[in-house]
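Below is one structure, written out as structure tokens; the observations come after it.
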Amino acid sequence: MRAVRIGLRIVVLFVAASATAVAVPLIRASVSASEPDGRPAATVEQFVCAQVASSVDDYCDRIAEDLGRRTPLTDDERVAAQPRRQTLLDGFVRELGADCPGPLEHCRLPATTPDAVRQALVASGFNDPAVRPARFTDPAPAGAILYAVPVGHACLLGYVRSETAAPPLIVGRLPDDVCLSL
């Protein structure tokens, strides 16, 4: 008789836990579905990242993670930022002596410092650039100089490393409304 009571308690406990496991997601889904998102629809963003297969630096994963944390941009916000990306690259040419073949290609430039990158961005009209050495959690290769500048609701995010500069990505802002955490 005692074994039956214990077995019955286990069955009741199992049924209650199962019902809770099914009910909670359904309740959350109905609540979140009833709250419309007031932001304009954002487009799906895709990117391509290549790294050396033998590299222990997994910066492609960090780029994907960083993009996932950022506010999505609308097509209009992305288009509005494109001329400023060209302004930035023109500033690298003028201020750092870079050779930038196109807006989506890597620039070649002499070795530089974070201060020189900051000065080039300010000289190009970006008043408050965030520039610092990349950390191991950043969306850039190890040893790079990471920079970001606000452009409306968007940010231009890029890096300079080993005499090359990656073309800046047009990305949304981080949850704390900044382009790059210092």
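Can you pull out the trypsin sites (Lys or Arg not before Pro) in region 106-182 whose DSSP state is coil and whose Cβ has at most 13 other Cβ atoms within 10 Å?
On the way: sites: Arg108, Arg118, Arg135, Arg161, Arg173; in loops: Arg135, Arg173.
Passing both the DSSP loop test and the Cβ count: Arg135.
From the Cα gyration tensor of region 125-182, with a ≥ b ≥ c the square roots of its eigenvalues, which class applies: rounded if a/c is under 1.5, or else prolate if a/b is larger than b/c, or else oblate? Don't skip to the answer; put the middle values down first.
On the way: a/c = 1.91, a/b = 1.47, b/c = 1.30.
Prolate is the answer for region 125-182, as a/c is 1.5 or above and a/b outweighs b/c.
Does region 88-165 come out rounded, prolate or oblate, given a ≥ b ≥ c as the square roots of the eigenvalues of its C-alpha gyration tensor, rounded meaning a/c under 1.5 and, failing that, prolate meaning a/b above b/c?
Values: a/c = 1.36, a/b = 1.02, b/c = 1.33.
Note, shape of region 88-165 comes out rounded.
Going from most exposed to least, what order do Phe92, Phe136 have by accessible area with a 1.4 Å probe? Write down the numbers at each step before the final one.
Details: Phe92 0, Phe136 175 Å².
Of Phe92, Phe136, the descending order of accessible area is Phe136, Phe92.
When a/c is below 1.5 the answer is rounded, else prolate if a/b is larger than b/c, else oblate, so apply that to region 48-182 with a ≥ b ≥ c taken from the square roots of the Cα gyration tensor eigenvalues. Let's see the in-between values first.
Values: a/c = 1.42, a/b = 1.01, b/c = 1.41.
It is rounded, given that a/c, with a ≥ b ≥ c, falls under 1.5.
The values are calculated or read from the model by the stated rules, or taken from the named source; none is laboratory data. Every value quoted in this text rests on a predicted model; they were computed, and no experiment measured them. Neighbour counts run over all protein chains shown; Cβ positions are idealised from the backbone, glycine included. Ligands, DNA and RNA are stripped out before the accessible areas are found, and what is left, the full protein with its side chains, is counted by its heavy atoms. Shrake-Rupley method; radii C 1.70, N 1.55, O 1.52, S 1.80 Å.
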